[in-house]
Amino acid sequence: MHWDDPRNGPEDVRTELPEVAYFLVGNGHISAALQYSPRQGTRVGLLLMDPEQLAPKRAALTMHPQLGLAHTQLQLWCNGQPSLPQRCRVYWDERAVVPVAVAEWEAPPLRVRERVYCPDQKTPRLHRRIELWAQQGCSVCLRTGVQEYTLEAQFRLSAHEHRELGVEYWLERAPTRVRCRWAAAEPFENEAVQYWQRVARMESPIPLLQQLFQSACWQLPAVVAASGRMNTSLWEHTREHVRDECAGAIGLVLSGHHERARQVLERILRECTTADGAVRNPEESVVPELTLLDYNGMLLVSLYHYTCWTGDWELVRGYWGRLRSVAEYPLRPQFRVERGFLLHNRREYWGRTPLHGVEDGIELAYQVWTVLGLESAAQLAEGVGQGRWAHRWAMASVRLRRAMLQHPHLRLVEQGVLVKRRLLSGAVQQELLVQEHPAIPPEVPLRTESRHWLEPDATCALPIIWGIVEPSSELAQRTLDRLELLWNQRWEGGGYGRYHVSSESDSPGAYPLASLWIARAALRARRERVLWRVLEWLGGLPQARSGAWFTVYGWRPVPPCPQVGILAGNWSELVQLVVCDLVGIHADPQGVWVEPLLPRPLEWLRATVRWRDRQLDILLERANVAAPTVLADSQPLPADTAQRAYLPPEAQQVRCLVP
């Protein structure tokens, strides 16, 4: 149950203002969102937040309880008359090295440009650079501020004169508040420039793809605090979710934010794991039968990605005892089916429990992440000289993978299709028999409809994405056919639901995260049409201006449910889509290797990614070749027995020729 009711207070407390877009910037010490809301609320407002605090939008430090963000907007008077913003355009400055959100608008006879950015990586400061151009001479009064505090400047501009001003915002603690003052607009500090030059970049003949990737790489670190706390669902949830933080850490690694990824992972190991190996959300205590069994595997997979991409083994060595417990925890008898090796519980991946009709059973997503986690743990153990544990976990991963797909009675395959959940009796759980309980809103499909189907579910795309199921196999193809039922279930405009809408417990609608999963699986299965359909859907949403998408697009009962927030997992999936799927670059303890995909109509793609202490420049282009050919510094690379073309340690320029 959530108390935040957007009907109370100013319009700006609503997250889903009509056609709104949020541009997020931050450096770990201060977070900000430039709000562009053309129809309701403050048109160009500034939300400033403490990244260490997870809170609803109304708790932003610049949100006035009655006026919302109105005081943060730039207000102009020309010759004593108010000049209202016209022809407003808000966008990312794609030419800047450091992320800069830009708002351009007209207030005749003035033209205005605002630039919002963090000038450094060490202090809780944000700069707002204001530029004015006068078409004719006028007296100008300019105001902005924070809460009750107002900044004002008065001056005269002659015809065609240009004037530049700057506002500096800084975060104070004890008590937590934001202050502001007029200040000269600072250039980016060298440290900030050097940091952002290491971040991944991509060029493509399809502007939408390039835009989505850049916005993901720029905004993902904006929700990470210096302590490693990650606000993975901005304004939606007021507590951490380890699953989303692990997914975010993978995105941080692949986009070149290695330092931020380490902060996130070390904090999880330190504060979200127990001595016996349980991985839990902070301040959450659950009985074993309701344990989210993917958490351990996701932590191990994200730690594996960090170690292989950075070459930093100190985190594994320093937390080896805890890592060993985390890998062992899902193998406890209390979670395993007798004589089946599979894991079971009474809570499904999306959080539904016996209250919602979930019975004791075997969940596909939990098997997938445990298989991947044990495989990752085995390679990490081998890398630190723990051969006995490496062998144990590698064998456990193989056995669980085999049981998941081949067990005579409990395999998660039915009639040639992957299924979400099988009961201990051997029957597939097809529907939910929900209990009457005030915790389930009365308006949602789980309460209003007579039948609540569990299948299909977007998590069935995960084994295809991660290679547990061969993408070209009939099993993968038939599973993807079934997942198409999730597109436009009871809405128009596009997007996949996370599962069958009749069993939706809070938000029937289209989920960008689920849509990106299905797009990634479809790309690997050579169904390029699905990929472009999903990207075009995302690109057609108002939030595509900034690339910061909501968790879901659809109706939600608020309260008791929280307002819809911005989900960091969407950025992580976009980064993985480009780096791992399109460019096809992967790292393991032996090095880095390339397995590119270049779906039509793409004819070329160039990416720069950070691997360890250097940048790799990779060019994919279509050519008249029979099979993909990889050249490192102009020299063709032979593939190993697994068809992996490992790059030489000194390689910097990589060219991939794709049929």
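The values are calculated or read from the model by the stated rules, or taken from the named source; none is laboratory data. This is a predicted model, so every value here is computed, not measured. Counting neighbours? That spans all protein chains shown, and the Cβs are built from the backbone with ideal geometry, glycine included. SASA here: full protein model, heavy atoms, side chains in, ligands and nucleic acids out. Shrake-Rupley method; radii C 1.70, N 1.55, O 1.52, S 1.80 Å.
Let's see how each residue does on (1) under 30 Å from Val116 (Cβ atoms); (2) open to solvent by 10 Å² or more (accessible area, probe 1.4 Å):
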position	(1), (2)
Met202	yes, yes
Ala226	yes, yes
Ile250	yes, no
Leu254	yes, no
Arg262	yes, yes
Asp276	no, yes
Ser285	no, yes
Leu293	no, no
Looking at this structure, is Ser376 without any contact (Cβ under 8 Å) to a residue 60 or more places away in the chain, buried (at least 16 other Cβ atoms within 10 Å of the Cβ) and either at positive phi or part of a helix (DSSP H, G or I) (or both)? no
Which listed residue is over 24 Å from Pro471 (Cβ atoms) and not basic (Lys, Arg), from Pro601, Pro596, Pro628, Pro589: Pro589
Of the residues Gly554, Gly565, which is among the small types (Gly, Ala, Ser), more than 17 Å from Val654 (Cβ to Cβ) and either modelled with pLDDT under 95 or open to solvent by 10 Å² or more (accessible area, probe 1.4 Å) (or both)? Gly554
If we ask which residues in the range 398-415 are touching a strand residue (DSSP E or B) at 6+ places or on another chain (Cβ under 9 Å), in a helix (DSSP H, G or I) and exposed (fewer than 14 other Cβ atoms within 10 Å of the Cβ), their number turns out to be 1
Checking Arg87 against (1) surrounded by 15 or more Cβ atoms within 10 Å (Cβ to Cβ); (2) touching an Asp or Glu at 6+ places or on another chain (Cβ under 8 Å); (3) farther than 14 Å from Val146 by Cβ: exactly one of these is not met. Which one? (1)
Condition first: in contact with a strand residue (DSSP E or B) (Cβ under 7 Å, 6 or more places away or on another chain), open to solvent by 10 Å² or more (accessible area, probe 1.4 Å), within 30 Å of Ser507 (Cβ to Cβ) and not small (Gly, Ala, Ser). Can you find one or more residues in the range 594-609 that meet it? no
In the range 610-654, how many are among the aliphatic types (A, V, I, L, M), open to solvent by 40 Å² or more (accessible area, probe 1.4 Å) and part of a strand (DSSP E or B)? 0
Tell me the strands (runs of 3 or more DSSP E) entirely within the range 66-141 that contain at least 3 residues that are among the charged types (D, E, K, R). 110-117, 125-134
Check on Ser515, crowded, with 20+ Cβ neighbours inside 10 Å, of a type in the set (S, T, N, Q), at pLDDT below 95 and under 22 Å from Leu454 (Cβ atoms): no
Considering only the range 535-570, state which residues are over 14 Å from Ser515 (Cβ atoms) and part of a helix (DSSP H, G or I). Pro542, Arg545, Ala568
Evaluation of Cys460 against (1) open to solvent by 40 Å² or more (accessible area, probe 1.4 Å); (2) of a type in the set (A, V, I, L, M, F, W, C); (3) closer than 16 Å to Gln415 by Cα (one fails), failing number: (1)
